[in-house]
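Accompanying notes for the structure given below.
No lab work stands behind these numbers, since they all come straight from the coordinates. Just so we're clear, the structure is a prediction, and the values are computed from it rather than from any experiment. FYI the Cβ positions are ideal-geometry reconstructions off the backbone, even for glycines, and counts take in every protein chain you see.
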Ligand SMILES: Cc1cc2nc3c(=O)[nH]c(=O)nc-3n(C[C@H](O)[C@H](O)[C@H](O)COP(=O)(O)O)c2cc1C
């Protein structure tokens, strides 16, 4: 098979230099990348850099190599077009169907999936003109990645930062893998919880669990690549923020409950992949609990934590909201899973067996997804993102 053809559109924002890393990742993973910068982009990074890194010619206007009709051919032959960074100006021109340079011509002739990764100052991003242009592009089937929050040009901080190129690359990889299927979760808001809660005992100790958050992050990434607006409630994870995902950080089960309930208010689906502690210490010692030489330690008294999955399943914030739970079991996996599904009242329960190379901390997983309708969907051993795709397929079928 020939290498997938990717057009990397670069527009004139300060983050243009970050597109060099995206280009490298795309090229090194076997994609044939053609960079199409705007004239403004070349103020930030020169054509020589794009040409040398991609191994392909670079032009900004339709008037170069006219015999090859580049204004039509580049878009026609692309398997993916990704514009990173996408300026407010380029989003506006794309939304209005202008064709005043090679990039906008390419966007009009491309019939493949298109990803925009906007980056600009918060005011430009929040302006109704930009928001309407983004909504137009999404309605037409493009994946527009929400910008990240952080340091912008100069001393400003806020929403508008280009997400990490490694994470934009992940979105491109997933969108390419889905091919013509397109962003089938566009217009949906989904909430995913990930990681493991920590219940403090004293200022230095906590009761925790082994959840790394990788499955929840895979769910968030795949949903974003399928066009959803994603809120990721992350408990004690050490993973990079997925591109285009709003990350809310929490520590304890009580904090996780608050964040999930808030985000779920307008969500179409909630997927509870986090390992939430069932119990927490009844008392929190404000000073470190000391070892006393001649005394046995005091027993730790535990109290119940709120059952977030049961609570959101019982009091759905919207009718038709789909709720998904996770269960990690060590024995009687399916029987325990069925009982948990009935007890919690959710629509789907992903049951996985805790074991070597599976579940906690691993890159792979293996599970059965149980449906409240009696369905059973086995997901064979494989990457956590494959399980995530199956979960979203099942959620989507229930949303419809
Ligand atoms: C130093 C500098 C940084 C800029 N950064 C951004 C940016 O991050 N996002 C943006 O939308 N525009 C930014 N602009 C403004 C764009 O360069 C300007 O709107 C230009 O017309 C965009 O053209 P293009 O969309 O064809 O690339 C910046 C301008 C300058 C001078």
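Only helical DSSP H runs with n ≥ 4 go in: add -39500 (n - 2.57) per run for the chain, normalise by residue count and round the 222 nm mean residue ellipticity to 500 deg cm²/dmol.
-10000 deg cm²/dmol
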Cα-based Rg / Dmax (Å) for the stretch 189-399: 17.6, 62
If one takes the longest principal axis of the Cα atoms in the chain, at what angle in degrees, from 0 to 90 and to the nearest 10, does the Cα axis of helix 384-399 lie? 90
What does the C-alpha gyration tensor say about the overall shape of the stretch 1-69? Classify as rounded when a/c is under 1.5, otherwise prolate if a/b is larger than b/c, or oblate. oblate
Can you tell me the orientation of helix 18-28 relative to the chain, as the angle in degrees between its alpha-carbon axis and the longest Cα principal axis, to the nearest 10? 90
Given Cα pairs under 8 Å that are at least 6 residues apart, what percent is the relative contact order of the chain? 11
Shape box of the stretch 5-181 [Cα atoms, principal axes, largest first, Å]: 44, 32, 31
Take every DSSP beta bridge whose two residues both sit in the chain, then give the antiparallel share in percent to the nearest 5. 35
For 36-42, 333-339, 271-277, 106-112, ranked highest to lowest by mean beta-carbon neighbours within 10 Å, the order is 271-277, 36-42, 106-112, 333-339
Value of D in µm² per second that Stokes-Einstein yields for the stretch 83-172, Kirkwood Rh from Cα pairs, at 25 °C (0.890 mPa s): 184
Peptide ranges 86-93, 22-29, 296-303 listed from the most packed, as the mean C-beta count within 10 angstrom indicates: 86-93, 22-29, 296-303
Looking only at the stretch 265-400, where both bridge partners belong to it, what percent of the DSSP beta bridges are antiparallel (to the nearest 5)? 60
Roughly how tilted is helix 253-264, in degrees to the nearest 10 and between 0 and 90, from the longest Cα axis of the chain? 40
At a 10 angstrom cut-off on C-beta neighbours, averaged per residue, how do the peptides 175-183, 281-289, 69-77 rank from highest to lowest? 69-77, 175-183, 281-289
Please state the relative contact order of the stretch 64-183 as a whole percent: Cα pairs under 8 Å, 6+ residues apart? 26
Just to be sure I understand the model, the point goes 7 Å from the Cα along the line to the Cβ. What's the resulting residue 317 to residue 302 distance in nm? 2.9
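So what is Rg over Rh here for the stretch 150-293, counting just Cα atoms and using Kirkwood for Rh? Present the calculation step by step, with values, prior to reporting the outcome.
Numbers: Rg = 17.9 Å, Rh = 16.8 Å.
Reported Rg/Rh, Kirkwood definition of Rh: 1.07.
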Which percent of Cα pairs goes in each bin when the distances of the chain are cut into 20 angstrom slices starting at zero? 26, 49, 22, 3, 0
Taking every DSSP beta bridge with both residues inside the stretch 195-252, roughly what % is antiparallel (nearest 5)? 30
Quick one: grab Rg to one decimal and Dmax as a whole number for the stretch 229-353, Cα atoms only, in Å. 17.6, 60
